[in-house]
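Below: the structure, in structure tokens.
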Amino acid sequence: MTQRQKQSFMAGALTSSAGIFISKALGLFYLVPLTAMATENNMFFYTQAYTYYELLLNICTAGFPFAIAALVARYANKNDFKTVMLVRKLSMSLMLASGFVIAIVFAAISFPLAKGSLGASAPIEDIKTLQNCFFILTLAVISVPFLSVFRGFYQGLKELKVYAVSQVIEQVTRIGSLLALGAICIYIFKLESIFAIYMAVLATSLAAIIAIGYYYRFDRKNIGDLNRAARYQKEPAVPAKELFKELLIFGIPYLLASILGNSMSLVNNSFFMSAVKATAENYDHYTLILGMMQGTCNKLTSIPQVLAIGFGAGIVPYLTISLENKNWKELQKNVLDCLDTVLYIGMPLFLCLLVLAEPIYYVMYGDANLALGSEVLRWSSAISITGTLSPICSSMMMTLRLRRQSLFYLFIGFVVKVVSFFLLIDMFGYSGALTSSILTSIVVIFLNLQLIQNKYHVHYGRTFKRFFRICLCLFAMNGSFVLLRLIGLDAVGNGKLYGVFILGIYGIVGMGVYYFTSACLGLPKAILGVNLTGLIKKIVKKK
């Protein structure tokens, strides 16, 4: 891979990650006012609904954004624009049909699903509340899959900036509407606090509709060139039946991969209350913990995981083209560059969540349940990196036509999750649910990378060496945190505003130390193609 190609891949992946990172960062801050309107106990219903929402979307879309991206990239690379446009038309019809079917089925089973999720000790009022959340979600199950078609289409054309902007628009709309509608219900109409949760669930659908409108506007300005190229193309398009078959061949493995890949959240949601043997006396305590695991702490650990979405999306067209052209060296470089970059960016974020769990939780959510929330966040911190690498590895396996093996490995991960979930909870309490997720991701990562190495001769010696240097930088970064504590900088207990200021100092100093030590070890230049030391010298000379 040439330096320009590498920079193109990195730029595309980082652009996708940046847009999703902004949307995730925005998603963090709405939790504070939403919790104030809905109360912390009701947030449990939001996290339950949102977990099933993500699973249903994966079932509806069945990984089709990636499948569409791969097919569009393949036929665009061949200048077969008639087939590119046919892929778009077929995928839109398929997504609308699947969305309607899944929405109807979901609404039909909403009551038994809510009852099973909350456990035998749950009061009937809570079951009906969760059922209402599921009913509201059905609109999103129809609209969001249709949105995914646009994202997959333009991802395949390497329009990753549009992909990123749509993520930001969707999140901004969702946050604005859930806060505005929630405030109207609670403060103007004086409705019960649970209506803030209902509005938060409804906002997901409204945001998807606005994002679809953004893509329609982008279409008007940009789809004309593709339509003209398709009209002037002399060769006929690939037959629709053959394309539909290809979409299913891509999509069904992604469907199974999505279900198995989300098994950790699904197992946590479905069996946690029964695994911890919740009773009427401790029901509220364990619903609070589950809400933290799946909601407040998950929001924080999901920030590094945007790399999985960004690089998972960014690497698909590049690996597809490398595979089509049988350019094995470029393929190997793409795989290694992806892993190196994710580790380089993700590991310091993991360390911050682990070491600064208490001040981070305090700044975000206040001192209510601070000790418990900080503890849950520490246990969850490792998921920020294992939960990033695992879906990236699965995405690479799918793109490299190793779908059957990828599904088998995900099934092995599912078995590991189920077995270890109950065993570790019995041994260590609620933290067993989190450690079982970490163990599951490690197993899946190892199996996937091992097969990629054997099949495409990708050797990870370079990545291991760079990972060792990254760990040295993390050691220096943690040392800076220790020194800041020794001089008396404490973000907890003196108000949120002061806490934000002190936590900002920790972040600036810690990341500065990390990137400075990594520059001394040559990591930015080797991984990102950026010479930080040379840039600093140029700035100094100019001054």
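The values are calculated or read from the model by the stated rules, or taken from the named source; none is laboratory data. These numbers were taken from a predicted model, which means no experiment stands behind them. Ideal geometry is used to build each Cβ from the backbone, glycine not excepted, and the neighbour counts take in all protein chains shown. Accessible surface areas use protein heavy atoms only, side chains included; no ligands, DNA or RNA. Shrake-Rupley method; radii C 1.70, N 1.55, O 1.52, S 1.80 Å.
Within the range 430-454, residues that are basic (Lys, Arg) reach no partner that is at pLDDT below 95 and surrounded by fewer than 24 Cβ atoms within 10 Å (Cβ to Cβ) with beta carbons closer than 9 Å at six or more positions or on different chains. In the range 431-543, counting only helices (runs of 4 or more DSSP H) that sit wholly within it, the ones holding 1 or more residues that are surrounded by 14 or more Cβ atoms within 10 Å (Cβ to Cβ) and at pLDDT below 90 span 496-520, 532-542. Assess whether Lys89 counts as being open to solvent by 60 Å² or more (accessible area, probe 1.4 Å), closer than 30 Å to Arg217 by Cβ and either in contact with an Asp or Glu (Cβ under 8 Å, 6 or more places away or on another chain) or not acidic (Asp, Glu) (or both). In short, yes.
Looking at Ala278, Ala313, which is the one that is in contact with a His (Cβ under 9 Å, 6 or more places away or on another chain) and at pLDDT below 85? Show your work before the answer.
Values: Ala313 fails: in contact with a His (Cβ under 9 Å, 6 or more places away or on another chain).
Criteria check complete, one pass: Ala278.
Would you pick out the residues in the range 111-161 that are over 30 Å from Lys78 (Cα atoms), in contact with a Ser or Thr (Cβ under 7 Å, 6 or more places away or on another chain), of a type in the set (Ser, Thr, Tyr) and at pLDDT 85 or above? Across the range 111-161, the qualifying residue is only Ser143.
With respect to Val172, is the statement that it is of a type in the set (A, V, I, L, M, F, W, C), assigned to a helix (DSSP H, G or I) and surrounded by 19 or more Cβ atoms within 10 Å (Cβ to Cβ) true? So Val172 does not fit the description; no. If you scan the range 24-43, which residues turn out to be open to solvent by less than 10 Å² (accessible area, probe 1.4 Å) and either touching a Ser or Thr at 6+ places or on another chain (Cβ under 6 Å) or modelled with pLDDT under 70 (or both)? Passing the criteria: Gly27, Ala38.
Would you mind finding the one in Ser380, Ser406, Ser394 that is under 22 Å from Asn478 (Cβ atoms) and buried (at least 24 other Cβ atoms within 10 Å of the Cβ)? Write out each step before concluding.
Numbers: Ser406 fails: under 22 Å from Asn478 (Cβ atoms); Ser394 fails: under 22 Å from Asn478 (Cβ atoms).
After applying the criteria, what remains is Ser380.
Met264 - would you say it is touching a Lys or Arg at 6+ places or on another chain (Cβ under 8 Å) and in a helix (DSSP H, G or I)? For Met264, the condition - touching a Lys or Arg at 6+ places or on another chain (Cβ under 8 Å) and in a helix (DSSP H, G or I) - is met.
Here's the yes/no breakdown for (1) touching a residue at least 60 places away in the same chain (Cβ under 8 Å); (2) touching a helix residue (DSSP H, G or I) at 6+ places or on another chain (Cβ under 6 Å); (3) of a type in the set (Val, Ile, Thr):
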| residue | (1), (2), (3) |
| --- | --- |
| Leu113 | yes, no, no |
| Asn132 | yes, no, no |
| Val149 | yes, yes, yes |
| Ala164 | yes, yes, no |
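If you go through the range 317-331 and pick out every residue that is touching a Ser or Thr at 6+ places or on another chain (Cβ under 9 Å) and either of a type in the set (A, V, I, L, M, F, W, C) or under 19 Å from Ile445 (Cβ atoms) (or both), you end up with 4.
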